[in-house]
1. Among the candidates 380, 388, single out the residue that is more than 23 Å from the chain's Cα centre (by Cα), within 15 Å of the ligand (Cβ to nearest atom) and surrounded by fewer than 21 Cβ atoms within 10 Å (Cβ to Cβ).
2. List the number of the failed condition for residue 288; all other conditions in (1) farther than 25 Å from residue 203 by Cβ; (2) part of a helix (DSSP H, G or I); (3) over 19 Å from the mean Cα position of the chain (by Cα) hold.
3. Within the range 287-317, count every residue that is away from the ligand (no atom under 16 Å from the Cβ) and touching a residue at least 12 places away in the same chain (Cβ under 8 Å).
4. When the range 161-173 is examined, which residues are found to be in a loop (DSSP other than H, G, I, E, B) and either surrounded by 14 or more Cβ atoms within 10 Å (Cβ to Cβ) or not assigned by TED's automatic domain parsing to the domain that holds residue 119 (or both)?
5. Could you please give the count of residues in the range 154-171 that are without any contact (Cβ under 8 Å) to a residue 12 or more places away in the chain and under 23 Å from residue 74 (Cβ atoms)?
6. It is to be established whether one or more residues within the range 360-376 are away from the ligand (no atom under 16 Å from the Cβ), part of a strand (DSSP E or B) and either out of contact with any helix residue (DSSP H, G or I) (no Cβ under 8 Å at 6 or more places or on another chain) or farther than 30 Å from residue 445 by Cα (or both).
7. Of all residues in the range 417-453, count the ones that are more than 11 Å from the ligand (Cβ to nearest atom) and over 16 Å from residue 505 (Cβ atoms).
8. On the basis of being on the phi < 0 side of the Ramachandran plot and under 22 Å from the mean Cα position of the chain (by Cα), does residue 396 make the cut?
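The values are calculated or read from the model by the stated rules, or taken from the named source; none is laboratory data. Source: prediction; values computed, not measured. Using ideal geometry, Cβ is built from the backbone for each residue, glycine included, and neighbour counts are taken over all protein chains shown.
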Ligand code: AMP
């Protein structure tokens, strides 16, 4: 029997319509500028989105052409988030922090036709322009866009340069959004590519709408129309974790920091705009915590949850924010998973250390996301909270392939191989122990680099710590701990090793230590372990070697 239900496609056009009508007056976006905040209700955002769609049609954007953005988190970026997919084209946010050759590779691979760029980012994109093979239009956004556009005009042969405001002036403020197949492409993002070339993931209208609903659920990020969300996570990084589209869907307001990404403006923005929900990678929140510690009068009472994802959240960060009355909600995902796949909302009955274990895990599977753990010998592990293997996932917002690339080794019988290693417990909580390529394989045993990092970051003198496996004649690999000491503090390698004694088996204690001014970070703010391994291999790190700890064989005795 067929159902009697209407078959209404799930599209970004319908999400835009809902947000701009039902929440058109109460939902709003506020963007930080050098002169304070710029505000627009969602009805106005949608009118601008219609103008932008007309302007893009005028430039020749038809069918599923790619419209890229090279922008901060701001109102115009939100307008592109709505307009481009709703008109049937494909939104492609480019990562503004990648080196020029990678931006060019990605834009050419995606065959971007138009690039919207913030005037303040023109210097960053200018060197890329001559290498772009498919881009025909550059649209400059922001104050003084017309003059800024003049400055690059002619520097990129074959590329026409326009100012966003000129392009939109006089355009109709409604658009007859076409009917779109919900399975067609809405947006694409490239994975940050810590190995090999970045790979493209293409989101469908359906996946974006379902992910928006999924993250708005009570046991996920619980977003409602009374929220004011601050995505610090860039809009070029997995569509800012899906927060902008989810906010438009439910009528929650958005607060966007534009280029003001340092701790002080972020902390003030939360206070001034009474932000209820904010999201970023741990390294951003680490800086904000230092600001809050130094400025304890900052009023963050409006904040319900600080969402941390992208890398494991250290306990010290959670405890630090708790000192200021703010709860951290840990979540896990990846470009390939739209990204939210798990959120660590602890069961109500849990308390004490058990509660901490839930909160520090990567979280519980969000509704409609399925996961399994596959052990190195290919068996599916029981959900017992201890059997470790590679995490595989599937679901309506998980990718099943990569754009224009045969990467069949990344998939396993309809499941995405995440490259993350961990275990699941009986209640669907996922705990990651490492990335498959970061696990330290010492004498046939695995050492979790993440566990060592988190423990080290629990030492009061340590600001940051990153641990990588380095070649070792005897054991194959051994851990190298790279440590950034807090300003004004001092600590030795021996003291740090002694601090770890009792917290991990003795054979896991690192004997190689390096004190550095800063741990290198990737374009999205994660520890860049590839660079650390390379620096070590090239002899660029000053390494202190302590006497090796007890024999590897002690492992069994200790456990
Ligand atoms: P990206 O596609 O750049 O967002 O990177 C995704 C990867 O980041 C995942 O496969 C994980 O290795 C890592 N990641 C994301 N969230 C977390 C988390 N909460 N804890 C540990 N690792 C994480």
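1. 388
2. All conditions are met except number (3).
3. 16
4. Answer for the range 161-173, where residues must be in a loop (DSSP other than H, G, I, E, B) and either surrounded by 14 or more Cβ atoms within 10 Å (Cβ to Cβ) or not assigned by TED's automatic domain parsing to the domain that holds residue 119 (or both): 171, 173.
5. 2
6. For the range 360-376, residues away from the ligand (no atom under 16 Å from the Cβ), part of a strand (DSSP E or B) and either out of contact with any helix residue (DSSP H, G or I) (no Cβ under 8 Å at 6 or more places or on another chain) or farther than 30 Å from residue 445 by Cα (or both): present.
7. Of the residues in that region, 7 qualify.
8. When the stated conditions are applied, residue 396 passes them.
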